[in-house]
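Worksheet: one structure, shown below.
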Amino acid sequence: MLEFLGTFAFALSGIRHASGKHFDWFGGYVCGFAVAIGGGTIRDVMLGVTPFWMTNIMYVLCTGMALFAAILFRKYTRKLDNAWFVFDTLGLALFTIAGIQKTAGLGHPFWVAIIMGCITGVAGGVIRDVLLNNVPVIFHKEIYAMASVAGGMLYWGLFWLDINMPIAVISTFCVICLIRFLAVRYHISLPTLQEER
């Protein structure tokens, strides 16, 4: 369920960015699909398992549903800028949790699970930005990947404290979303590297 919701949210985000570059429908689908499955594919390859979308056609169909929704409501695209940001944030949170759970389920240590959760959450966005010839969001000063890492650390802390799993998942989801929303709302960012002149 987490991966399905994350796939839909990320696919919508990717299709929205593609529409801003005036891609055709197929190009929008490719961009949405790359965002939706990119992070999980990299994670699964690194973990030595079959990429998740290759064992279930649901993810291919889910991206198609996202494309249909984007086309159907295209008249409201400009009015939905905040909604697209929310979809992107929800995808980040959901995929981070899914990545952590899958990695932990394969018996890897907690620090690997946190890294894989971050890769699952942000790598699709990097692929999207490369396809669109943009500087990847995670390289900007905007808080994005760090929200994923913070959520991963919270998840593992709650797991270590033997907190009920649904509570850990909901808490992690809320914290990742909250960090993203607050960072954007109040323009909170990491320091940037400055070249000496």
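The values are calculated or read from the model by the stated rules, or taken from the named source; none is laboratory data. For clarity, every value in this text was computed on a predicted model and none was experimentally measured. Backbone-built Cβ (ideal geometry, glycine too); neighbour counts: all protein chains shown.
In the stretch 1-14, the residue that is nearest to F73 (Cα to Cα) out of those that are among the hydrophobic types (A, V, I, L, M, F, W, C) and modelled with pLDDT under 90 is L12. Among the residues of the stretch 141-176, those identified as assigned to a loop (DSSP other than H, G, I, E, B) and touching a residue at least 12 places away in the same chain (Cβ under 8 Å) are K141, I143, Y144. Quick check on A98: is it crowded, with 17+ Cβ neighbours inside 10 Å, in a helix (DSSP H, G or I) and at pLDDT 95 or above? For A98, the condition - crowded, with 17+ Cβ neighbours inside 10 Å, in a helix (DSSP H, G or I) and at pLDDT 95 or above - is not met. Kindly check whether there is at least one residue in the stretch 177-194 that is without any contact (Cβ under 8 Å) to a residue 40 or more places away in the chain, in contact with a helix residue (DSSP H, G or I) (Cβ under 8 Å, 6 or more places away or on another chain) and assigned to a helix (DSSP H, G or I). Yes, that holds for at least one residue.
One line per residue, one yes/no per condition, for (1) β-branched (V, I, T); (2) over 18 Å from V137 (Cβ atoms):
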residue	(1), (2)
T7	yes, yes
V35	yes, no
M54	no, yes
I57	yes, yes
L61	no, yes
A69	no, yes
A83	no, no
L90	no, no
L94	no, no
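Every residue in the stretch 155-178 that is over 16 Å from G121 (Cβ atoms), hydrophobic (A, V, I, L, M, F, W, C) and surrounded by fewer than 19 Cβ atoms within 10 Å (Cβ to Cβ), please. L158, F159, W160, L161, I163, M165, I167, I170 - these are the residues of the stretch 155-178 that are over 16 Å from G121 (Cβ atoms), hydrophobic (A, V, I, L, M, F, W, C) and surrounded by fewer than 19 Cβ atoms within 10 Å (Cβ to Cβ).
Can you name every residue in the stretch 21-33 that is surrounded by fewer than 24 Cβ atoms within 10 Å (Cβ to Cβ) and in contact with a Leu (Cβ under 8 Å, 6 or more places away or on another chain)? Those that are surrounded by fewer than 24 Cβ atoms within 10 Å (Cβ to Cβ) and in contact with a Leu (Cβ under 8 Å, 6 or more places away or on another chain): K21, W25, Y29, V30. Among residues belonging to the stretch 102-116 that are in a helix (DSSP H, G or I) and of a type outside the set (A, V, I, L, M), point out the one that is surrounded by the fewest Cβ atoms within 10 Å (Cβ to Cβ). Once the filter is applied, the top-ranked residue is G105. The listed residues are Y144, Y186, and the only one of them that is under 16 Å from D88 (Cα atoms) and aromatic (F, W, Y) turns out to be Y144. Considering I42, I119, the condition of being under 11 Å from the mean Cα position of the chain (by Cα), surrounded by 14 or more Cβ atoms within 10 Å (Cβ to Cβ) and at pLDDT 95 or above is satisfied by I119 alone. Picking from residues in the stretch 61-95 that are surrounded by fewer than 19 Cβ atoms within 10 Å (Cβ to Cβ) and charged (D, E, K, R), the one that is nearest to the chain's Cα centre (by Cα) is D81. Out of curiosity, is S148 farther than 16 Å from A98 by Cβ and in contact with a helix residue (DSSP H, G or I) (Cβ under 9 Å, 6 or more places away or on another chain)? Taking the combined requirement at face value, the residue does not satisfy it. Screening the candidates M58, M54 for the property of being at pLDDT 90 or above, within 29 Å of I170 (Cβ to Cβ) and surrounded by fewer than 17 Cβ atoms within 10 Å (Cβ to Cβ) yields one hit, M58. For T89, indicate whether it is under 30 Å from A150 (Cα atoms), without any contact (Cβ under 8 Å) to a residue 60 or more places away in the chain and polar (S, T, N, Q). Here the answer is no, as T89 does not meet what is asked.
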